[in-house]
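The values are calculated or read from the model by the stated rules, or taken from the named source; none is laboratory data. Please read all numbers here as calculations on a predicted model, not as lab measurements. No Cβ is skipped: glycine too gets one built from the backbone with ideal geometry, and neighbour counts run over all protein chains shown.
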Amino acid sequence: MKPMVTVLTSDDGTLAHGTSMDALAVAAVGAMADAVERGLAARGHAVARANASHDPRATLDALLATRPDVVFHLVESIDGDARAEAHVAALCEWARIPYTGSGPTALALALEKPLARSMLRAKGVPIPRGFVMRAAQDPVPPLGTGKRWIVKPAREDASHGIGFDSVVADEAALRERVAWLVATYAQEALVEEFVDGREFNVALLGTGDATRVLPLSEIDYTTFPKNRPRLVTYAAKWVEESPECIGSPSVPATNVHPALERAVRETAIAAYQSLGLAGYGRVDLRVCPERGPLVLDVNPNPDLSPDAGFAKAAARAEIPHDELVERIVVDAHGRRRPAAVPLTV
């Protein structure tokens, strides 16, 4: 009998910080959960739905009421706070309920970008140069003549806080953007060198030695707005009618030299494993002319909607959406923790 699956989401009615536009990404999780449910039902799984809240006892009670064999963990935030994603995984660990995707440590590391960068650097995974600013008046290292930098929230995903004004070329613009970001998102700013090279999205499926790299995707900036920095902004991800969304589709990577493709794949899997990701994930990289592929982001919870980039990469590997979500469940069920053994003296 196939394992019974509870799809766990959250009803996020508020935002912890940010702007009203940030609610678009939160709302999209519901549609993704619906698609995951349909896919699992099509593969013969019994499926239930439960919601996580800020009350851990209520969340656990809601889960246990559905009697799951596996929890499909799709909680990306609670009350707008993305740190809750790792808390929910820890709750499942504590209750010894198998769940999909990465564990709490990997989720927390990937969310806290400066920590993730430190781990990747320690493991020898190439990343852009960068530094952290807690306030606009903090000291700034020499920026270099003719260089551009990108200012990001230190603790967000889904491109929250990323827009054209995120890319700066001088200290005054840098401090202005840092001031806005700290005030708007109530967190530190991560400042990285802006690498204007080919951008690859690498979808990975599996855990440990069984991890598989799916066919590479690339961001096609051919029709991107002119005289704008080429990057996937928040609007590019979540505002379908925006020029930057229309001008930055994720497409199958073509005309990739074998040596470059090998370097992209090897760098992506090194990043995935260095942060301890499991089940599935995506690594975003840009190619620096001097240093090769550099890791921009490691995402342990990429969008699993049928029309999203991850599912499209799986389809190119002849894995339809219903099979994809079932593989993620099978991986989770196979990693279930054994029952505790009583101590004897």
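Pull up segment 66-91, narrow it to residues that are under 15 Å from Arg335 (Cα atoms) and buried (at least 24 other Cβ atoms within 10 Å of the Cβ), then point me to the one that is nearest to the chain's Cα centre (by Cα).
Filtering first and then ranking leaves His73.
Mind checking which strands (runs of 3 or more DSSP E) fall wholly inside segment 188-242 and carry at least 2 residues that are under 21 Å from Ala311 (Cα atoms) and either of a type in the set (Lys, Arg) or touching a strand residue (DSSP E or B) at 6+ places or on another chain (Cβ under 8 Å) (or both)? It would help to see each step written out before you state the result.
On the way: elements: 189-193, 199-205, 217-219.
Where strands (runs of 3 or more DSSP E) fall fully within segment 188-242 and carry at least 2 residues being under 21 Å from Ala311 (Cα atoms) and either of a type in the set (Lys, Arg) or touching a strand residue (DSSP E or B) at 6+ places or on another chain (Cβ under 8 Å) (or both), they are 199-205, 217-219.
What residue, among those in segment 201-220 that are among the β-branched types (Val, Ile, Thr) and touching a residue at least 60 places away in the same chain (Cβ under 8 Å), is surrounded by the most Cβ atoms within 10 Å (Cβ to Cβ)? Quick ask: steps written out before the conclusion?
So in segment 201-220, the residues among the β-branched types (Val, Ile, Thr) come out as 202, 207, 211, 213, 219.
Still in the running and touching a residue at least 60 places away in the same chain (Cβ under 8 Å): 202, 207, 211.
Values: Val202: 26, Thr207: 20, Thr211: 19.
Looking at residues that are among the β-branched types (Val, Ile, Thr) and touching a residue at least 60 places away in the same chain (Cβ under 8 Å), I get Val202.
Picking from Val325, Val329, Val345, which residue would you name as being closer than 19 Å to Ala86 by Cα and either modelled with pLDDT of 95 or more or out of contact with any Asp or Glu (no Cβ under 6 Å at 6 or more places or on another chain) (or both)?
Numbers: Val325 fails: closer than 19 Å to Ala86 by Cα; Val345 fails: closer than 19 Å to Ala86 by Cα.
Residue meeting the stated conditions: Val329.
So, restricting to helices (runs of 4 or more DSSP H) that lie completely within segment 57-135, which ones have at least 2 residues that are closer than 19 Å to Ile269 by Cα, in contact with an Asp or Glu (Cβ under 9 Å, 6 or more places away or on another chain) and among the aliphatic types (A, V, I, L, M)? Show your work before the answer.
On the way: elements: 84-95, 104-111, 113-122.
Per the criteria, 104-111.
Could you grab me the full set of residues in segment 44-100 that are out of contact with any Pro (no Cβ under 6 Å at 6 or more places or on another chain) and closer than 21 Å to Gly208 by Cα?
If the condition is that a residue be out of contact with any Pro (no Cβ under 6 Å at 6 or more places or on another chain) and closer than 21 Å to Gly208 by Cα, then Val71, Phe72, His73, Cys92, Glu93, Arg96, Ile97, Pro98, Tyr99, Thr100 are the ones that fit.
Please find, among Arg148, Arg155, Arg67, the residue that is of a type in the set (Lys, Arg), assigned by TED's automatic domain parsing to the domain that holds Val36 and either touching a Leu at 6+ places or on another chain (Cβ under 6 Å) or in contact (Cβ under 8 Å) with a residue 60 or more places away in the chain (or both). Full working, then the answer.
Values: Arg148 fails: assigned by TED's automatic domain parsing to the domain that holds Val36; Arg155 fails: assigned by TED's automatic domain parsing to the domain that holds Val36.
Among Arg148, Arg155, Arg67, only Arg67 is of a type in the set (Lys, Arg), assigned by TED's automatic domain parsing to the domain that holds Val36 and either touching a Leu at 6+ places or on another chain (Cβ under 6 Å) or in contact (Cβ under 8 Å) with a residue 60 or more places away in the chain (or both).
Among the residues of segment 136-157, which ones are in a loop (DSSP other than H, G, I, E, B), closer than 28 Å to Val75 by Cα and of a type in the set (Lys, Arg)? Break it down into steps so the answer makes sense when it comes.
Keep residues of segment 136-157 that are in a loop (DSSP other than H, G, I, E, B), which gives 136-148, 154-157.
When the remaining residues are screened for being closer than 28 Å to Val75 by Cα, the result is 154-157.
Matches in segment 136-157: Arg155 only.
All but one of (1) within 21 Å of Gly161 (Cβ to Cβ); (2) under 20 Å from the mean Cα position of the chain (by Cα) hold for Pro215; state the number of the condition that does not hold.
So Pro215 meets the others, but not (1).
Just give me the residues in segment 237-257 being of a type in the set (A, V, I, L, M), in contact with a Ser or Thr (Cβ under 8 Å, 6 or more places away or on another chain) and under 20 Å from Val295 (Cα atoms), in sequence order. Explain how you work it out, then say what you get.
Here is the first cut: in segment 237-257, the ones of a type in the set (A, V, I, L, M) are 239, 246, 251, 253, 256.
Those left that are additionally in contact with a Ser or Thr (Cβ under 8 Å, 6 or more places away or on another chain): 246, 251, 253.
Correct list: Val251, Ala253.
Considering only residues that are part of a loop (DSSP other than H, G, I, E, B) and in contact (Cβ under 8 Å) with a residue 24 or more places away in the chain, which ones fall in segment 41-56? Before the answer, list the steps.
Pass one, segment 41-56, residues part of a loop (DSSP other than H, G, I, E, B): 43-46, 53-55.
Answer for segment 41-56, where residues must be part of a loop (DSSP other than H, G, I, E, B) and in contact (Cβ under 8 Å) with a residue 24 or more places away in the chain: Arg43, Gly44, His45, Ala46, Ser53, His54.
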